Amino acid sequence: MRISARADYAVRAALQLAYAPGGGPLKAEAIADAQDIPHKFLEGILGDMRRGGLVLSQRGGNGGYRLAKAAEEISIADVIRVVDGPLVSVRGVRPPELSYTGPAESLLPLWVALRANVRQILDGVSLADVASAALPRRVSALTEDPASWTNP
């Protein structure tokens, strides 16, 4: 699985908003500076997040962006889906829409299992969990294996 720069930036921006004193609002420029995200790129991402119902925008001198819901109610998966679409796809197609034949037939359940595991992790972690450095135990346990940190 590959996390795009767009998804990474979106999650980091959402975390910055979750961490904002009093819930924001924060200006896009402040978020971009704090997270070292290109400002123009971030504006597009924030627009997608606004259209997706994750952030609210407010114009004016005291304007900016704020989360549309409590950080506990927004999962990391919610953010990624808004900016990148489905969490797991094969050639841009969701696994249940695929079919294989012959020796490749068992690929479909493999892709579905992969999707289920990715969803279980990313849907099960909220912005609040990450912002408070309190990942759910089932997630942090996966990082305890030294092999998790190395590339094969």
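Taken together, the values in this text are just the output of simple stated rules run on the coordinates, not laboratory data. Computed from a predicted structure; not experimentally measured. With ideal geometry, Cβ positions are generated from the backbone for all residues, glycine too; neighbour counts draw on all protein chains shown.
Pop the C-beta distance of ALA133 and SER89 into the FRET formula with R0 = 41 Å and round what comes out to the nearest 0.05.
Efficiency for this residue pair is about 0.85.
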Nitroxide proxy distance, nm - points 7 Å out along Cα→Cβ at ALA34 and SER4: 2.5 nm
Burial ranking of peptide ranges 84-95, 137-148 (average Cβ count within 10 Å, highest at the top): 84-95, 137-148
For the range 83-93, take each phi angle, set θ = phi - 60°, evaluate the Karplus expression 6.51 cos²θ - 1.76 cosθ + 1.60, and give the result in whole Hz per residue in order, putting x for glycine and proline. 9, 10, x, x, 5, 10, 9, 10, 6, x, 10
Roughly speaking, what is the centre-to-centre gap between the range 1-58 and the range 90-128 when only Cα atoms are used, to the nearest Å? 27 Å
Relative contact order of the chain, pairs being alpha-carbon contacts under 8 Å that are 6 or more residues apart, as %: 23 percent
Find out how many positive minus negative residues lie around GLY23, taking Lys and Arg as positive, Asp and Glu as negative, among other residues whose Cβ is under 12 Å from that of GLY23. +2
Which part of the range 14-54 falls in the paramagnetic zone of ASN62, meaning amide N under 15 Å from the point 7 Å along Cα-to-beta-carbon? 22-27
Helix 5-18 sits at what angle to the longest principal axis of the chain, using alpha carbons and giving 0 to 90 degrees rounded to 10? 50 degrees
Given a Förster distance of 41 angstrom, what is the FRET efficiency for LEU110 paired with GLU144, based on the Cβ-Cβ distance and rounded to 0.05? 0.95
For the range 47-151, what does the alpha-carbon gyration tensor say about shape, rounded, prolate or oblate, given a ≥ b ≥ c as the root eigenvalues, a/c under 1.5 as rounded, and a/b over b/c as prolate? oblate
Please list the non-local residues whose amide H lies under 5 Å from the amide H of VAL55, H modeled 1.01 Å from N, same-chain partners needing a gap of 5 or more. ARG50, ALA68
By the scheme Lys and Arg +1, Asp and Glu -1, what is the net charge of all other residues having a beta-carbon under 13 Å from that of VAL112? +1
The range 42-114 - percent relative contact order, Cα under 8 Å, separation 6 or more: 19 percent
Would you kindly derive the ³J(HN,Hα) couplings of the range 51-68 from the backbone phi angles with the Karplus curve 6.51 cos²θ - 1.76 cosθ + 1.60 (θ = phi - 60°), listing them in order in whole Hz, with x for Gly and Pro? 4, x, x, 8, 10, 10, 10, 9, 7, x, x, 9, x, x, 10, 9, 5, 7
Ordering of 99-105, 76-82, 18-24 by burial proxy (mean other Cβ atoms within 10 Å per residue, highest first): 76-82, 18-24, 99-105
